[in-house]
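Q: Before we start, here is the structure in question, set down as structure tokens.
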Amino acid sequence: MAMDVEILDDPKHHRYVLNMGPQHPSTHGVLRVLLELEGEYAMELLPVLGYGHRCHEKIAEHKPAKSFMPNTARMDYLGALIYNHGFAQLLERATGIEVPERAEYIRVITSELNRIQSHLLWYGAYLLDLGAFTPIMYAFDDREHILDILEDVTGSRLTYCYFRVGGVSKDIDDKFVTSTRAFIDRLRSRFPMYEGLVNGNVILQKRLIDVGELDPKICSRYGITGPLLRGAGVGYDLRKSEPYSIYDRFDFEVPTETKGDCMASFLVRFREMEQSLRIIEQALDSLPEGPVMAAKVPKKLKIPAGDYNSSVEAPRGELSYYLVSDGTDVPYRLKVRTPSYSNLSVIPEMCQGMLLSDVVSAMGALDLVIPEIDR
Amino acid sequence: MKSYFSELFTGGWSLIVGLKITLKALFTPIVTVQYPREKSVITPNYRGHIDLVKFEDTGTHKCITCGSCMRDCPSDCIVVDGEKREGVKGKFCTVFTLDFAKCSLCGACVEVCPTKTLDYSDEYELAGFARGDFQYDLLKRVEERE
């Protein structure tokens, strides 16, 4: 962005530069946004990235591909299992390892639980940004149940490393099934409460409706995916449009809205939780018996020369892994396309001329996870 | 004018609905835990840092110093070394350290261990004041354990 120094010096133009972040509560991490303000209106915005850069892609070039699995969880700490899923799927595609049926079901169930967990955290944190403290307590109460369920099967609470090439590391038991079913009933019974407490609230509606409008054209120009794109009226969800794993076996809808403002993506995410519950329910009903790891996974996983791609639907949009191999077990290059990075890039255009308080609201609607942007 | 009042009414009503919900929550059981005064139960499947298992039949661990865990570790945080000793079949483990500051708890070492002598510990209060606090000597830990 051209921060015109002459304009800033001119006393007739009442413009000044404000730093939002890197330590700002509403940027959810170390994102810095340079704002050029005129009064209370943000005229120019410039996101400054890189505070949390850890060279994940470069690390991948230096060790066997299998060993990169824990790193995937650290990129998006809220959708760790989904990032695991994409990477495991990539290596399975590259090496032609077949995943047992039961493992695929477990992957889908845990991934969807992870997605709900991510949406619940976003829900609480977003409303916290907007000044409502109570909803995050309710959302965390529900989220805690998911963390307990996942902790029991994966062993960790946030940065899971549960999926392996060829399956999952541990089988689920009856306790998992019963507690997941209990959770589904619990969350379903809580939705009306959320709607009454938050969605119908007049203050929330005033702050979200008509703020940060996106149309499908802008979305395709910036490569925006996920709930933001669906909020703009495009029903693009990889689970439906390009079904990976076993998502084609389940009956679920892709919620869309038409307006593309913050309220639209808010409602899309809210309804997605219900759809995820539907997927989990169906998967639990038809859970097959059998092994959870492929019989033959070589200790040294040699990837045949060539390039491979694997895309999954992360909570924030489309996640892609692109791997180029030269025939060894260490990738020649691994490119990760993370949704938040593309979603963030729309900020300068979306927020131009907005009130500063609306910038917070629009940025919250992007559901940014900074480590995923910087990775 | 009419719309002004209807907006006022719907807005006011939405606030009352919300307040009713929070009022109801006031009478629901407490879900928080007063840590550290009380602690919640940790699942037995919790994956803490690794520890050597003390087998009852031998009274010690069964590490054969094969180094599989060391090689499979994505972060190079395990150091294992051993020496040949008389009367002991194979190698005798003399060094087994874990640099927990580097460990990402992925579990690759536990899965690869041929003698199943590695397992996850259930400790979770692991804060330290210096980098050296995270250098765990697992051989010492297994001896000190009851």
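Q: Highest GNM mean-square fluctuation, chain A, Cα pairs closer than 10 Å: which of A:ASP142, A:ASP152, A:ASP251?
A: Per the Cα network of chain A with a 10 Å cutoff, A:ASP251 tops the list.
Q: Please calculate how many Å² of accessible area the range A:297-351 carries per residue, with a 1.4 Å probe and no DNA, RNA or ligand atoms counted.
A: That works out to 37 Å² per residue.
Q: Moving to a separate point now. A:ARG54 to B:LYS20: FRET efficiency via 1/(1 + (r/R0)^6), r the Cβ-Cβ distance, R0 45 Å, to the nearest 0.05?
A: It comes out at approximately 0.45.
Q: Moving to a separate point now. Tilt of helix A:134-154 relative to the longest C-alpha principal axis of chain A, in degrees (0 to 90, nearest 10)?
A: Between helix and principal axis, roughly 20 degrees.
Q: I've got another one for you. Checking the a/c ratio against 1.5 first, then a/b against b/c, what shape does the Cα gyration tensor give for the range A:215-318?
A: Cα axes put the range A:215-318 in the oblate bin.
Q: Is the shape of the range B:50-144 best called rounded, prolate or oblate, per the rule: a/c under 1.5 gives rounded, else a/b larger than b/c gives prolate, else oblate, with a ≥ b ≥ c the square roots of the Cα gyration tensor eigenvalues?
A: It comes out prolate by the Cα gyration axes.
Q: Where the eigenvalues come from the Cα gyration tensor of the range A:268-361, what are the semi-axes √(5λ) of the equivalent ellipsoid, largest first, in whole Å?
A: With the √(5λ) rule applied to the range A:268-361, the semi-axes are 36, 26, 8 Å.
Q: In addition: For chain A, find the longest principal axis of its Cα atoms and tell me its angle to the long axis of helix A:174-194, 0 to 90°, nearest 10.
A: Taking Cα atoms only, the helix is inclined about 20 degrees.
Q: Can I ask one more? If I fit a long axis through the Cα atoms of helix A:101-129 and take the longest principal axis of the Cα atoms of chain A, what angle between them do I get, 0 to 90°, rounded to 10?
A: Between the helix axis and the principal axis of chain A, the angle is about 20 degrees.
Q: May I ask which residue of A:LEU78, A:TYR308, A:LEU208 lies farthest towards the positive end of the charge dipole of the protein assembly as shown, with charges of +1 (Lys, Arg) and -1 (Asp, Glu) on Cβ and the Cα centre as origin?
A: Projecting each Cα onto the dipole axis, the largest value belongs to A:TYR308.
Q: How big is the gap, in Å, between the Cα center of the range B:110-131 and the Cα center of the range A:218-235?
A: Comparing the Cα centres of the range B:110-131 and the range A:218-235, I get a distance of 44 Å.
Q: Do any residues of the range A:160-198 show a loss of at least 30 square angstrom of accessible area between the isolated chain and the full protein assembly, using a 1.4 Å probe, and if so which?
A: Those are A:CYS161, A:ARG164, A:GLY196, A:LEU197, which lose 30 Å² or more relative to the chain on its own.
Q: Of A:LYS302, A:LYS240, A:LYS175, which is the most mobile in a GNM of chain A whose springs link Cα atoms less than 10 angstrom apart?
A: Residue with maximal mean-square fluctuation among A:LYS302, A:LYS240, A:LYS175: A:LYS175.
Q: Sticking with this one: Do the sum for chain A: with -39,500 (n - 2.57) for every DSSP H run of n ≥ 4, divided by all residues, what is the mean residue ellipticity at 222 nm, to the nearest 500 deg cm²/dmol?
A: Estimated from H runs of four or more residues: -14000 deg cm²/dmol.
Q: What's the longest bit of chain B with no exposed chymotrypsin sites (Phe, Trp or Tyr not before Pro), using DSSP loop states and at most 14 other Cβ atoms within 10 Å as the test?
A: B:56-123
Q: Okay, next question. Using only the alpha carbons of chain A, what is the convex hull's orientation-averaged projected area in square nanometres?
A: Computing the convex hull of the Cα atoms and averaging its projections yields 18.9 nm².
Q: Shielding by partners for A:288-298, please: the mean number of other protein chain Cβ atoms within 10 Å of each residue's Cβ.
A: Per-residue shielding by partner chains comes out at 0.
Q: While we're on this one: So which cysteines in chain A don't have a second cysteine's C-beta under 4.7 Å from them?
A: Cysteines of chain A left without a disulfide-compatible partner: A:CYS55, A:CYS219, A:CYS262, A:CYS351.
The values are calculated or read from the model by the stated rules, or taken from the named source; none is laboratory data. The structure displayed is predicted, hence computed values, not measured ones. Neighbour counts are summed over all protein chains in view; Cβ atoms, including those assigned to glycine, are modelled from backbone coordinates with ideal geometry. Ligands, DNA and RNA are excluded from the accessible area calculation, which covers all protein heavy atoms including side chains. Shrake-Rupley method; radii C 1.70, N 1.55, O 1.52, S 1.80 Å.
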